[in-house]
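Written out below as structure tokens is the structure these notes cover.
The values are calculated or read from the model by the stated rules, or taken from the named source; none is laboratory data. All of these numbers come straight from a predicted model, not from anything done at the bench. Glycine gets a Cβ as well: all are built from the backbone with ideal geometry, and neighbour counts include every protein chain shown.
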Amino acid sequence: MSLIAALVNLVYRALFLRGEEGFRLSYTWSKLLYLASGLLVVTKPGAVSALVVMGSTLPLSVVWPGWSWLYSALVLSLIPAAWFSLTAYVSGYVGLPGVDAVGAVVVLVRSLAVSLLILFLAAALSPVKVANILLRLRAPGYYPLLTWRTIPYGLRVLVDSIHIGVLKREKPHRRLAPAVAIMLEYGGFVEEYNWLKVGGRVKGVLPTRSSAVHTALLTAASLGLVVLYVVLP
Amino acid sequence: MLLEAKIDEAGYAGGFRIRGVSLELDEGELVVVTGKSGSGKTTLARALTNTITLRGGYLRGDVRLLGKSVKEYQPGELAGVLAYIPQEPWYGIIGYTVMSEFCYTQLIVRDKCDPRALNEAGLGGMEDFITYGLSAGQTQLLLWAEALATGARVIVMDEPLVYLDEAGRSKMKSLVQQQLGEGKGFVVVDHDPLFWAELRPRFVLLNDGVVEYDGYSLSWAWEVKSPRLGRGGGSGLAVRLKDVWFRYPGYGWVLRGVDLEVGSGTLTAVVGRNGSGKTTLLKLVAGLLRPSRGSVAVKGRPIYIPENPLAYFSMPTPWEELVYMAGGDEDRAREVADLFDLRGVVGSKLADLSSGERRRLAIASAYLGGFDVYLLDEPTGGLDTFNANRVVEVVERLVEEGKTVVIASHDDRLVRAVERRVVIDRGVVV
């Protein structure tokens, strides 16, 4: 499998693997609360605060979306984290303000914590609830729904195309054109077959479910983070 | 009268058009529109549903639904009268979960969503499932549930059987029968009109854009010789799967302990219900997926040609694709274009090719690439019998040349033609 196909697969698993379940069913305020508490804790300098946030996000993500998500999110988060850490370290050698090896590890851990936190909450974002916000504002509510449907479709088309390129012994960049061609065709057909849905005015909001358990877990984790923020030096 | 269409002409500027088509649909009536690929069936469906202009086409004439011109309807109003289930059902979905898709459509015609129709379509319990993870057959059933829930009086279905297995087809037929009994009207575009015969439909046969027959008799039905594909035979094994288990991340097992041997130079059809694991099996043989457990061994170079062959191609035109795969040898490309009966389309754009032409081109291109094992996913899906037979001829040629071919299909016409069939049911070879 090519590197690009592997990356595309990671993005798919990190953001589009699950349906309307788990933390997507938690109340919006609890997600915002968790985001705010996580960011609050990492405002404290050093690696410990970041480890605290990671120590909170990792078990939550095992509850939902699960191990497969966790693996993908860790690998994806490592990419920017390693980049920030490396550039911060190398900067010192080229005459710019930089960090030593310990500082580079701190940058790595802090970047990883923030990145994981954001990915986790992005995965927990409910397209249905976003659609309902738009519908209440009398805006087209299908945008988030169609986005969450189309992106994984496009990613899978790209992966299939790259895979076939491997069999044809082609370089991955050659496979972009067929994937784009399929997506253009897809766009045309979606416009045609959904013109009644897209052109019609929606008369209500989409039904949603809520999960008290997932809301409670996020709230408890947020409170734990706030307590640790106070306790940490 | 539910629908009255008097179409003087409809089509695409400078391109294909249908002419002089009159169609009436009464309550409880089923009209089956049939004809060869390119006869104008889908153009007629687009004209009836007023979507032809979205494809850059035009309609001269009038299509009236419940006495009112289709052009005068507002989209929301029309959604309560007309439902259109396209041939490729996944294009008809905008929601990311079953429930959001189902309810979004329903909320266009009423202010509350009633999920009962999901149960009737057999999708109860799948409300929170992502639509992207549905099989084509399940997607078709979802669109069907939407049509039921919006209360549409006229339902236009374009090739509704293509992605359905036997059980799904029977279910579809009984649902149509039930809805006909409730006074709804159906226009079904289908290359297999005989399937609907027991519901006593009116048949409309299109040929080159004009109506060649309109009535209840089947006397016009064309005789098509069923192809027969031998199993071929060479020496040794080309493919060997030993206790193969596979699952996608976050899902249950798709394949469970599959053992399979495919002889070199043979033809094998992998058959099974929607979602039984046929495509996954082909991808494992191609090496595009790795088994979670067990082993896959393939002798020679495999190539996988997906259901949508656009994902296979590397170049924008058939000619460039063939020359590219022939390593720049134009004489060889020309020879293979003749061999696979592609001479007439080599200068077209890939986007303008029909499904059948795309599939034959993909196989021809792979043939030029010198692959040994050909893994063809639904190579005849959506094709009329004439064009399906042309694909079968191409497959036959591969086998005659000593290539190993494995086909995943639930197309009865193809499956019946193949001597060796491997049946997969819920991830197990039975």
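Hey, among the residues in segment B:124-141 that are more than 12 Å from every other protein chain (Cβ to nearest Cβ) and buried (at least 22 other Cβ atoms within 10 Å of the Cβ), which one's farthest from A:Val128 (Cα to Cα)?
Per the criteria, the residue is B:Gly137.
Which members of segment B:315-361 meet the condition of being more than 21 Å from B:Pro379 (Cβ to Cβ), in contact with a Gly (Cβ under 8 Å, 6 or more places away or on another chain) and outside any loop (DSSP other than H, G, I, E, B)?
Within segment B:315-361, B:Trp319 is the sole residue that qualifies.
So that you can scan it fast, the table gives a plain yes or no per residue for (1) touching a residue at least 40 places away in the same chain (Cβ under 8 Å); (2) surrounded by fewer than 22 Cβ atoms within 10 Å (Cβ to Cβ):
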| position | (1), (2) |
| --- | --- |
| B:Val346 | no, yes |
| B:Leu361 | yes, no |
| B:Asp384 | yes, no |
| B:Asn387 | yes, yes |
| B:Arg390 | yes, yes |
| B:Val406 | yes, no |
| B:Arg413 | yes, yes |
| B:Arg420 | yes, yes |
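Go through segment B:49-63 and count every residue that is touching a residue at least 60 places away in the same chain (Cβ under 8 Å) and not in a loop (DSSP other than H, G, I, E, B). Can you show your working first?
Of the residues in segment B:49-63, the ones touching a residue at least 60 places away in the same chain (Cβ under 8 Å) are B:49, B:63.
Filter once more, so that each one left must be not in a loop (DSSP other than H, G, I, E, B): B:63.
Going through segment B:49-63 one residue at a time, the tally reaches 1.
Buried (at least 17 other Cβ atoms within 10 Å of the Cβ), of a type outside the set (Gly, Ala, Ser) and either within 9 Å of another protein chain (Cβ to nearest Cβ) or more than 17 Å from B:Thr139 (Cβ to Cβ) (or both): which single residue out of A:Leu184, A:Leu145 fits that description? Steps first, answer last, please.
On the way: A:Leu184 fails: buried (at least 17 other Cβ atoms within 10 Å of the Cβ).
Sole residue among the options that is buried (at least 17 other Cβ atoms within 10 Å of the Cβ), of a type outside the set (Gly, Ala, Ser) and either within 9 Å of another protein chain (Cβ to nearest Cβ) or more than 17 Å from B:Thr139 (Cβ to Cβ) (or both): A:Leu145.
Quick grid of which residues meet (1) of a type in the set (A, V, I, L, M); (2) outside any strand (DSSP E or B); (3) farther than 24 Å from B:Leu206 by Cα:
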| position | (1), (2), (3) |
| --- | --- |
| B:Gly125 | no, yes, yes |
| B:Gly137 | no, yes, yes |
| B:Leu142 | yes, yes, yes |
| B:Glu146 | no, yes, yes |
| B:Ala149 | yes, yes, yes |
| B:Ile155 | yes, no, no |
| B:Tyr163 | no, yes, no |
| B:Gln179 | no, yes, yes |
| B:Gly183 | no, yes, yes |
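Among residues belonging to segment A:43-65 that are without any contact (Cβ under 8 Å) to a residue 12 or more places away in the chain and not in a helix (DSSP H, G or I), point out the one that is nearest to A:Val226 (Cα to Cα).
Taking the candidates together, the pick is A:Thr43.
Across segment B:131-174, what is the number of residues that are under 18 Å from the mean Cα position of the chain (by Cα) and of a type in the set (Gly, Ala, Ser)?
Result for segment B:131-174: 7.
The rows are residues; the columns are (1) among the hydrophobic types (A, V, I, L, M, F, W, C); (2) at pLDDT 90 or above; (3) more than 30 Å from B:Gly76 (Cα to Cα).
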| site | (1), (2), (3) |
| --- | --- |
| A:Lys129 | no, yes, no |
| A:Arg136 | no, yes, no |
| A:Leu158 | yes, no, yes |
| A:Arg169 | no, yes, yes |
| A:Arg174 | no, no, yes |
| A:Tyr186 | no, yes, no |
| A:Glu191 | no, yes, no |
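State the number of residues belonging to segment B:365-421 that are of a type in the set (D, E, K, R), assigned to a loop (DSSP other than H, G, I, E, B) and within 23 Å of B:Glu261 (Cα to Cα).
Qualifying residue count for the region: 6.
State whether one or more residues within segment B:260-273 are assigned to a strand (DSSP E or B) and charged (D, E, K, R).
yes
Residue check: is A:Gly103 among the small types (Gly, Ala, Ser) and farther than 27 Å from A:Thr150 by Cβ? Spell out how you get there, then give the answer.
Numbers: among the small types (Gly, Ala, Ser): yes; farther than 27 Å from A:Thr150 by Cβ: yes.
It is true that A:Gly103 is among the small types (Gly, Ala, Ser) and farther than 27 Å from A:Thr150 by Cβ.
Taking the condition part of a loop (DSSP other than H, G, I, E, B), modelled with pLDDT under 90 and either within 9 Å of chain A (Cβ to nearest Cβ) or farther than 20 Å from A:Tyr193 by Cβ (or both), does B:Gly95 pass?
no
Just checking, which of B:Val430, B:Val405, B:Val423, B:Val418 is farther than 29 Å from A:Ala181 by Cα, modelled with pLDDT of 90 or more and not polar (S, T, N, Q)?
Numbers: B:Val430 fails: modelled with pLDDT of 90 or more; B:Val405 fails: farther than 29 Å from A:Ala181 by Cα; B:Val418 fails: modelled with pLDDT of 90 or more.
Of the residues listed, the single one that is farther than 29 Å from A:Ala181 by Cα, modelled with pLDDT of 90 or more and not polar (S, T, N, Q) is B:Val423.
Restricting the first residue to segment B:112-124 and requiring it to be at positive phi, which pairs with a second residue that is surrounded by 15 or more Cβ atoms within 10 Å (Cβ to Cβ) meet a Cβ separation below 7 Å and a spacing of at least six or different chains?
B:Gly122/B:Leu141; B:Gly122/B:Lys171
Name the single residue, out of those in segment B:98-121 being more than 7 Å from every other protein chain (Cβ to nearest Cβ) and not in a helix (DSSP H, G or I), that is surrounded by the most Cβ atoms within 10 Å (Cβ to Cβ).
B:Ala121
Give the residues of segment A:205-215 that are surrounded by fewer than 21 Cβ atoms within 10 Å (Cβ to Cβ) and touching a residue at least 24 places away in the same chain (Cβ under 8 Å), sorted by residue number.
Those that are surrounded by fewer than 21 Cβ atoms within 10 Å (Cβ to Cβ) and touching a residue at least 24 places away in the same chain (Cβ under 8 Å): A:Val205, A:Thr208, A:Arg209, A:Ser210, A:Ser211, A:Thr215.
Which residue pairs have Cβ atoms closer than 6 Å, lie 6 or more positions apart in sequence or on different chains, and pair a first residue in segment A:155-171 that is more than 8 Å from chain B (Cβ to nearest Cβ) and within 11 Å of A:Ala5 (Cα to Cα) with a second residue that is basic (Lys, Arg) and surrounded by 24 or more Cβ atoms within 10 Å (Cβ to Cβ)?
A:Ile162/A:Arg175
I'd like the full set of residues that are away from chain A (no Cβ under 12 Å) and over 15 Å from B:Asp243 (Cα atoms), limited to segment B:268-299.
Residues satisfying the conditions are B:Thr268, B:Ala269, B:Val270, B:Val271, B:Gly272, B:Arg273, B:Asn274, B:Gly275, B:Ser276, B:Lys278, B:Lys299.
Within segment A:187-197, restricting attention to residues that are assigned to a helix (DSSP H, G or I) and within 7 Å of another protein chain (Cβ to nearest Cβ), which residue is farthest from A:Val157 (Cα to Cα)?
Once the filter is applied, the top-ranked residue is A:Leu196.
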